[in-house]
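**Q** My structure is below; once you've seen it, I'll send some questions.
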Amino acid sequence: MTFIEKEMYGSRIVEYASKPRNRGVMKKPDAVGVGGGPCGDMIEIYLKIKKKKVRGAEIEYIRDAKFETMGCAVAVAAASLVTEEIKGKTVKEAETLEVEKLKKILGSVPLVKEHCCEMAINTLKNALIFWENKKKEKQ
Ligand code: FES
């Protein structure tokens, strides 16, 4: 990160952008989401989804999540946080993650960088749509 970026962003963004969690391409993901922003940057999110029985009912949960991006520091931080937030959660819980929650956790997201957070959430939604479509194809 540049000196200016460190001055511009809150400590949480600096932390996640400097030491991103779950960054890297996943081998053989169960679902992939690709998202783009108005700036021309992109994020990819990869998911490993497994099933388990809870009180007799079968639920799907996210066993692993990774991301890659060519986006800015906020995109790195946002995508990193998304993967961290959804790991271990059910697919239904992951579907409820919203931009406002992401921005709240990240702290001070400059107005001109809000689309980077939206891109991370949209990419997650695309990965979950990918998963639903894949299941329909198998039926
Ligand atoms: Fe393009 Fe943040 S991802 S400006």
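**Q** Which of (1) modelled with pLDDT of 95 or more; (2) more than 15 Å from the chain's Cα centre (by Cα); (3) among the polar types (S, T, N, Q); (4) closer than 29 Å to Glu7 by Cβ does Asn122 not meet, given it meets every other one?
**A** (2)
**Q** Among the numbered criteria (1) touching a residue at least 60 places away in the same chain (Cβ under 8 Å); (2) in a helix (DSSP H, G or I), which one does Glu100 miss?
**A** (1)
**Q** Scan region 1-35 for residues that are exposed (fewer than 13 other Cβ atoms within 10 Å of the Cβ) and either in contact (Cβ under 8 Å) with a residue 40 or more places away in the chain or in contact with a helix residue (DSSP H, G or I) (Cβ under 8 Å, 6 or more places away or on another chain) (or both) and jot them down.
**A** Filtering region 1-35 down to residues exposed (fewer than 13 other Cβ atoms within 10 Å of the Cβ) leaves 2-4, 7, 11, 19, 24-25, 27-28.
Of everything in region 1-35, those that are exposed (fewer than 13 other Cβ atoms within 10 Å of the Cβ) and either in contact (Cβ under 8 Å) with a residue 40 or more places away in the chain or in contact with a helix residue (DSSP H, G or I) (Cβ under 8 Å, 6 or more places away or on another chain) (or both) turn out to be Ser11, Gly24, Val25.
**Q** Within region 13-66, work out how many residues are within 14 Å of the ligand (Cβ to nearest atom) and part of a loop (DSSP other than H, G, I, E, B).
**A** 6
The values are calculated or read from the model by the stated rules, or taken from the named source; none is laboratory data. Worth saying up front: this structure is predicted, and the values here are computed from it rather than measured. Quick reminder, even Gly has a Cβ in these numbers, built from the backbone with ideal geometry, and neighbours come from all protein chains shown.
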